[in-house]
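Some notes on the structure that comes next.
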Amino acid sequence: MTAKILFLLLAASSIAQAREPWTTSRIQGAPETAKPFISEEIWKQYEVDDLLEIVALPGKALMVERRGEVWCIPRDFKSTGKRHLLVAMKTIHPDLDHLYGLAFHPKWETNKEVYVTYTTGQKIADGTKLSRFKLSSIDPPTIDPYSETVLLTWLSGGHNGAHIQFGPDGMLYISTGDAESPAPPDQLSTGQDNTDFLSSILRIDVNKRDKGKNYAVPPDNPFIGRKDARPEIWAFGFRNPWKISFDDKGRLWCGDVGWEMWEMIHLVGRGTNHGWSAMEASQPIRPERLSPLAPITPPVVAHPHTEAASITGGYVYHGKAFPELDGAYVYGDYETGKIWALWHDGTKITRHEEIADTPHKISTFGRLDDGELVYAHWGRPGSVHHLVRNPAVNKPSSFPRKLSDTGLFADVKKQTPSVGVHEFTVSEPMWQDRLVGRRFIGLPGDSKIEATVKKKPDGTVESSAVVWPKDAVLAKTLSTPGAEARLVETQVLHFDGESWNGYSYRWNETQTDADLEVVNGGEQEIAIPGAAPIQHRFHARAECVRCHTPWTGFSLGFQPQQLAGINGEASARETALKLGLVNESFFESSAARLVASHDDKADLEMRARSWLHANCAHCHRLHGGGSVALKVNMELSLLETEMIGEKPLRGDLGIEEARIIAPGAPWRSALLARIGRTGSGRMPVIGSHEVDEHAFELLWKWVEDLGKRTPAVVEKVPATEAARALDEKLAAGVGFSKEMKTASEVLAALHDHSKTGAVPEPETCLSPDPNIAGLLERFLPPDKRRKTVGPAPDVQQLLSLKGNAKQGAALISPSGALATCLACHFVNGTGRDFGPDLSKVGSRLTKPQLLESLIHPSKQIAEGYGAQVAELGDGTLQMGFLLKKTKAETVLKLATGQSLAVPANDLKSLKPLPASLMPEGLLQSLTSSEVADLLSFLSSLK
């Protein structure tokens, strides 16, 4: 026995000594000034899962879980008291899939009323419900599930909103989304349509009853009496209003989840229009849909997707723990985990800053009865947190600004790793627009990755957890392909002990070193000898965490499924264990293994599934944050992925009889259309812009092969006669032609192209149908592809271009990309009389002045067109331009073109807005040539 113990000790010692420690790392902390707050988990003693709402009662906090259970726990973070179940909604609604909102009546202790919103499936006309319940007990509070009275129902879908709050006026306010998927935007055209409940904030009186209703419409709601609007609507133009709240001044705040460019925070007023889907913040989307009921009220804050990706509204803080936050509206982001605070004086923001950068998926905030704020992390497991002061504030940052200063490389130019840093390879690298990557791992000292695995009785993995050591670093250097390879970017992922943070280093022209990229990233055209250049994006730091998530274990490459070799040795398992990089359980945490998709000798399905895992599984897995339900991680069986025969929930992209995967019919498979296109609707959303043609053809062959399998792989929705006819027509492939009418035909032609090399004519690629144009854009020469000027246009470059006035006129026509301008301006007799008449704008402003006014509309506001906000005696607000002000009355010009005379005794206040009503960013969705055309047209108006 003694000899055996000695042998084991010697063996352990030899393994530990096999790896030289990494001692040169200088990657600690963060490059930016430390945020004033960090997060701290609370209520660890209570199990929480999928929290969508946190509601306060005196001395208590209620946890609202997605699956329909509501739990009551003591407010005291250290309490040892047991939690209490208020209700399990599935007892009366087995089909419930989301419990969204919970609000106690202001007089709940007397009338015992509680209000709840929930959904019972997708695309059901009355699938989202607002109901009243009664309490069967006050202490502890218990909801009688059989006491339900339904008040309102509306269409369920991808964007339900369904948050509820009682206002200081005693009315109940309800948020609703557009009930649709992200793309194409607002498919139901409901954002600016007020004849239904969607895309709105509703306001009802639950203390009264109108005839035929279980509630009453308050008589001061803004659209009462209009045939083109539901009287319950208080405000409208929201995409997916995710959390509303009132502050102590009675102001209604709303976080609205954006589409492709912006995440928004709104201050909501009586009858206000917040733009969707005419606009997404300052970005015109479908301007021709603008409602005549109200002008667009711009958001208080709009975050670009380099900062946020799924906003979560919060509350105004009035707690005692942080006096410095008093009066600040505190909100966060689900995708990036960032938390902001803003102060608003009623007309403008007086201060706005990021106060915390957490590693969490913030699904909801809660304001406790003492005014302190908490938030929920949508994780596995879930958790609840609050903010505490950051001890690192005001400490200087020594974060390396050059790659050579990181300590990762002994020779940065040759990419020779430092002692203790190891190069590794993966079975299936992510597609990154033809760039190739080298990967490295550095663990400080002799630390290792520790995994724990819990197995089922049959030996399969039930659950696993992986713990990385503090200051672990992963790096990937991207370079151009071929013999004349040039280094482009080195991406660094650092674990600071609490969260993973991504950084990008951009290689200089001399290829001697790489510089730390700015926080919001950048873009660069990369020349490739003998091939088209690559438009490469250096991602913003906030974008990194959209893929490196808790559900993937943060690391995408150094995973048991992916590891192929370390330090050139093919046996990744033995090498990793020998070096002491991981423990034994690391490779037991997943039984799945990927293969190279380019390996023609490997199984076709394994190759296809490996590509999907490497490129899609970081989002499209259980709870991974992808906007559709499919799960493509390799651990699942094919039928468990929810791809086979399922109808796409995020738009069919113009495909006839579409399925996510239609076995045997790749031309009807939305999966192929997503990866085979560029621009809007492309997958993956970030990481690449070009189509991986190898993957498109591989997946095409795999989907064709699935049609030959019986009975395991079948369509869950039987093919219709139309589908069978389409399959017969397209089974042999079709060539490119001007007559192609649907995306299905284009997909078939793309497959045909892979065999014949046939290229479509340019006019075919420029199809007016975006579903077709997105699939064909890659065949256009680079100079013909649509490249927008973005949020920071090059002014001198734009002014140097010669435009076409006729084409510019088309842009600002009722059907043009800038049709929204006509909602406020007359142009040669067309439009609305609100803003300045543009019919002779070319005689007033030079071309540089025109461009300046379009890029920075608030820099110089035309005389008489500074907006004023009037507060009337009844507490309502009106916004417009001041026409006249006398002792007797104030006259405003409203966006409808009408004049409103307000008697002096009815005017409580009149305040100027600091910004122009003309939105920022009008040009960023246009190409340089389109901007030049617009300037040419406006200059010609004399």
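Laboratory data are not the source of any read-out in this text; all were calculated from the coordinates shown. Just so it is clear, the model here is predicted, and its values are computed rather than measured. Quick reminder, even Gly has a Cβ in these numbers, built from the backbone with ideal geometry, and neighbours come from all protein chains shown.
What to note about this one:
- Taking TRP343, TRP667, TRP154 and counting other C-beta atoms within 10 Å, the order from fewest to most: TRP343, TRP154, TRP667
- In the chain, Cα pairs under 8 Å separated by at least six residues give a relative contact order of 9 percent.
- Spin-label proximity, LYS134 to the stretch 148-183 - amide N less than 20 Å from point 7 Å beyond Cα toward beta carbon: 148-152
- Relative intensity of the stretch 157-306 on a log10 scale, I(q)/I(0) at q = 0.11, 0.17, 0.19 Å⁻¹, equals -0.37, -0.89, -1.11, per a Debye sum over C-alpha point scatterers of equal strength in the absence of solvent.
- Test item: Cα-centred dipole of the stretch 314-354, Lys/Arg +1 and Asp/Glu -1 on Cβ, debye: 120 debye
- Inter-label distance, nm, simple model (7 Å from Cα along the C-beta direction), ASP496/VAL388: 1.6 nm
- Debye, to nearest 20: dipole size of the chain, +1 on Lys, Arg Cβ, -1 on Asp, Glu Cβ: 960 debye
- Flagged links, alpha-carbon separation over 29 Å, of LYS208/LYS249; LYS60/LYS470; LYS840/LYS884; LYS107/LYS361; LYS78/LYS361: LYS60/LYS470; LYS107/LYS361
- Listed by chain and number, the lysines whose alpha-carbon sits under 19 Å from that of LYS738, ignoring those within fewer than 8 places in the same chain, are LYS729, LYS784.
- Extension gain, ASN508 back to LEU872 (0.36 nm per residue minus Cα-Cα distance, nm): 125.1 nm
- 29 Å Cα-Cα threshold exceeded, pairs from LYS243/LYS631; LYS82/LYS454; LYS402/LYS448; LYS338/LYS647; LYS129/LYS320; LYS338/LYS413: LYS338/LYS647; LYS129/LYS320; LYS338/LYS413
- Structural descriptor for the stretch 400-593: relative contact order 23 percent, calculated from alpha carbon pairs under 8 angstrom and at least 6 residues apart.
- Here LEU96, LEU883 are placed in order of increasing Cβ neighbour count within 10 Å, fewest first, which gives LEU883, LEU96.
- Quarter the surface of the alpha carbon convex hull of the chain and you get the mean projected area, 43.9 square nanometres.
- Listing SER637, SER940, SER418, SER277 from fewest to most neighbouring C-beta atoms within 10 Å gives SER637, SER940, SER418, SER277.
- Cut-off 10 Å between beta-carbons: net charge of the residues surrounding ALA725, Lys and Arg +1, Asp and Glu -1: -3
- Using the rule -39500 (n - 2.57) for each DSSP H run of four or more residues, divided by the residues of the chain, the 222 nm mean residue ellipticity is -4000 deg cm²/dmol.
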